[in-house]
Amino acid sequence: MLIDGKSVSQERLEILNREIRESGLSPGLATVIVGEDPASQMYVRMKHKACDKVGIRSVGVVLKDDATTEEVIAHVNALNEDASVDGILVQLPLPGHIDTEAVIEAVSPEKDVDGFHPENLGALFSGRPTFVPCTPGGIMTLLEEYNIEPKGLNAVVIGRSVDVGRPMAALLLNADATVTICHSKTKNLAEEVRRADLIVSAIGKAHFITKEMVTPGAVVIDVGINQDEDGKLCGDVDFDAVSAIASAITPVPGGVGPMTIATLMENTFKAAKNHLC
Ligand SMILES: NC(=O)c1ccc[n+]([C@@H]2O[C@H](COP(=O)([O-])OP(=O)(O)OC[C@H]3O[C@@H](n4cnc5c(N)ncnc54)[C@H](OP(=O)(O)O)[C@@H]3O)[C@@H](O)[C@H]2O)c1
């Protein structure tokens, strides 16, 4: 079974568009980008486009790549104070000289639609999620849409980043899966992955997950965004070989990626509704 993130995200965006119209609210998302990294610029453009599609107002703060941590935080503080802004997204990665943690912590937890603020991550790890990071949140939506119940499954998450691997593991644990997190120091990684009923790969290495590492019938979620030797976009999973034995698998592109943006839009509407309270 191919898990079609593109079509699920389109459906979710249509539903959201209807809900926003019916609510009479006018949610607002502010993005903050520092520097001119083409990939970051593209992601921010895609997020603004999605906002237009669902009826979320969006504003963009664009800062030069020599902006200081203090300058970025000053802009974040201004957005925290701005009542017309419900959600704030700081596009990562920030240039190396900027204290990324300090910037993330400056975002008001009530406007942290990326779910990276320690308060929101803490809530997630306590089993009482508020804003959930968009990529793992989108994966949980995909599992639900395809009736894949994590309860009781052996789930192996490969990658332990704060934006994907760790919150993914917490969400699966909250959904009653038995969760193993693997990373670059894991011994016998292939053996760990072979034990999985559900694999989530968030490494960033093309064709890393081979057929030999996957038990037939496993569900395979590929978060990776890489280029293969021909420069073509691909995930972490050797899709052609693994799709022949997996019970369900996400493609790259068209799997997890579109769900990340849909979840960001949903989080922004949630923030707008919370601000009414
Ligand atoms: N589709 C989407 O919407 C979306 C969103 C976010 C990210 N991504 C993609 O997902 C991938 C991961 O992103 P990220 O932000 O989590 O990256 P990251 O911060 O670089 O983390 C990568 C993780 O993979 C682990 N790793 C690296 N090489 C490994 C190996 N040989 N064996 C086992 N583990 C290994 C690292 O382990 P250590 O911790 O030990 O170094 C680290 O935990 C990237 O390709 C990124 O572009 C996609």
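The values are calculated or read from the model by the stated rules, or taken from the named source; none is laboratory data. None of the values given here were measured: they were computed from a predicted structure. In this analysis, Cβ positions are derived from the backbone assuming ideal geometry, glycine residues included, and neighbour counts consider all displayed protein chains.
Taking the stretch 248-259 only, how many residues are within 14 Å of the ligand (Cβ to nearest atom) and either among the small types (Gly, Ala, Ser) or buried (at least 24 other Cβ atoms within 10 Å of the Cβ) (or both)? Outline the logic, then answer.
The initial filter retains those residues of the stretch 248-259 that are within 14 Å of the ligand (Cβ to nearest atom), namely 250-259.
Restricting the remaining residues to those that are either among the small types (Gly, Ala, Ser) or buried (at least 24 other Cβ atoms within 10 Å of the Cβ) (or both) gives 250, 254-257, 259.
Result for the stretch 248-259: 6.
If you go through the stretch 176-187 one residue at a time, do you hit one that is on the phi > 0 side of the Ramachandran plot and assigned by TED's automatic domain parsing to the domain that holds ASN147? Write out each step before concluding.
First, pick out the residues of the stretch 176-187 that are on the phi > 0 side of the Ramachandran plot: 176.
Those still in the list that are assigned by TED's automatic domain parsing to the domain that holds ASN147 too: 176.
Among the residues of the stretch 176-187, at least one is on the phi > 0 side of the Ramachandran plot and assigned by TED's automatic domain parsing to the domain that holds ASN147, which makes the answer yes.
Based on what the data block shows, is LEU94 in contact with a helix residue (DSSP H, G or I) (Cβ under 8 Å, 6 or more places away or on another chain), outside the structural domain of LEU171 (by TED's automatic domain parsing) and not basic (Lys, Arg)? Reasoning before the result, please.
Details: in contact with a helix residue (DSSP H, G or I) (Cβ under 8 Å, 6 or more places away or on another chain): yes; outside the structural domain of LEU171 (by TED's automatic domain parsing): yes; not basic (Lys, Arg): yes.
In short, yes.
Considering the stretch 106-129 alone, what residues qualify as being part of a loop (DSSP other than H, G, I, E, B) and within 16 Å of the ligand (Cβ to nearest atom)? It would help to see each step written out before you state the result.
From the stretch 106-129, those part of a loop (DSSP other than H, G, I, E, B) are 107-108, 112-117, 126-129; that's our starting set.
Listed by number, the residues that qualify are VAL113, ASP114, GLY115, PHE116.
Any residue in the stretch 236-247 that is at positive phi, free of Cβ contacts under 8 Å to residues at least 40 places away in the same chain and either more than 15 Å from the ligand (Cβ to nearest atom) or surrounded by 17 or more Cβ atoms within 10 Å (Cβ to Cβ) (or both)? Explain how you work it out, then say what you get.
Going residue by residue through the stretch 236-247, those that are at positive phi are none.
There is no residue in the stretch 236-247 that is at positive phi, free of Cβ contacts under 8 Å to residues at least 40 places away in the same chain and either more than 15 Å from the ligand (Cβ to nearest atom) or surrounded by 17 or more Cβ atoms within 10 Å (Cβ to Cβ) (or both).
Going by what's in this entry, would THR215 be described as assigned by TED's automatic domain parsing to the domain that holds LEU142, surrounded by fewer than 23 Cβ atoms within 10 Å (Cβ to Cβ) and either in a helix (DSSP H, G or I) or away from the ligand (no atom under 14 Å from the Cβ) (or both)? Give the steps one after another, and end with the answer.
Details: assigned by TED's automatic domain parsing to the domain that holds LEU142: yes; surrounded by fewer than 23 Cβ atoms within 10 Å (Cβ to Cβ): yes; either in a helix (DSSP H, G or I) or away from the ligand (no atom under 14 Å from the Cβ) (or both): yes.
Spelling it out, THR215 is indeed assigned by TED's automatic domain parsing to the domain that holds LEU142, surrounded by fewer than 23 Cβ atoms within 10 Å (Cβ to Cβ) and either in a helix (DSSP H, G or I) or away from the ligand (no atom under 14 Å from the Cβ) (or both).
Taking the stretch 14-33 as the region of interest, how many residues are surrounded by 18 or more Cβ atoms within 10 Å (Cβ to Cβ) and outside any loop (DSSP other than H, G, I, E, B)? Walk me through how you get there before you give the answer.
Let us first name the residues in the stretch 14-33 that are surrounded by 18 or more Cβ atoms within 10 Å (Cβ to Cβ), namely 16, 20, 27-33.
Now narrow it down to the ones that are outside any loop (DSSP other than H, G, I, E, B): 16, 20, 28-33.
Final tally of qualifying residues: 8.
Please find, among ILE221, ILE181, ILE209, ILE199, the residue that is within 16 Å of the ligand (Cβ to nearest atom), in contact with a Leu (Cβ under 8 Å, 6 or more places away or on another chain), closer than 28 Å to PHE125 by Cα and at pLDDT 95 or above. Can you show your working first?
Working: ILE181 fails: in contact with a Leu (Cβ under 8 Å, 6 or more places away or on another chain); ILE209 fails: in contact with a Leu (Cβ under 8 Å, 6 or more places away or on another chain); ILE199 fails: in contact with a Leu (Cβ under 8 Å, 6 or more places away or on another chain).
On inspection, the qualifying residue turns out to be ILE221.
Being loosely packed, with under 15 Cβ neighbours inside 10 Å and of a type in the set (Lys, Arg) is the filter here, so list the residues in the stretch 184-194 that pass it. Even if it seems obvious, please write down each step before you answer.
Residues of the stretch 184-194 loosely packed, with under 15 Cβ neighbours inside 10 Å: 184-185, 187-188, 190-191.
Residues satisfying the conditions are LYS185, LYS187.
Hey, could you check the stretch 51-67 for residues that are in contact with a strand residue (DSSP E or B) (Cβ under 7 Å, 6 or more places away or on another chain) and of a type outside the set (A, V, I, L, M, F, W, C) and say which is surrounded by the fewest Cβ atoms within 10 Å (Cβ to Cβ)? Show your work before the answer.
Narrowing the stretch 51-67 to residues in contact with a strand residue (DSSP E or B) (Cβ under 7 Å, 6 or more places away or on another chain): 51, 56-63, 65, 67.
Next, only the ones that are of a type outside the set (A, V, I, L, M, F, W, C) stay: 57-58, 60, 65.
Working: ARG57: 16, SER58: 20, GLY60: 15, ASP65: 13.
Top of the filtered list is ASP65.
Could you look through the stretch 151-166, keep only residues that are more than 14 Å from VAL220 (Cα to Cα) and more than 10 Å from the ligand (Cβ to nearest atom), and pick out the one that is surrounded by the most Cβ atoms within 10 Å (Cβ to Cβ)?
Result: GLY152.
Taking VAL132 as meeting all but one of (1) part of a helix (DSSP H, G or I); (2) surrounded by 19 or more Cβ atoms within 10 Å (Cβ to Cβ), write down the number of the exception.
(1)
Tell me which residues, restricted to the stretch 137-150, are more than 9 Å from the ligand (Cβ to nearest atom) and touching a Pro at 6+ places or on another chain (Cβ under 9 Å).
Scanning the stretch 137-150 gives GLY137, MET140, LEU143.
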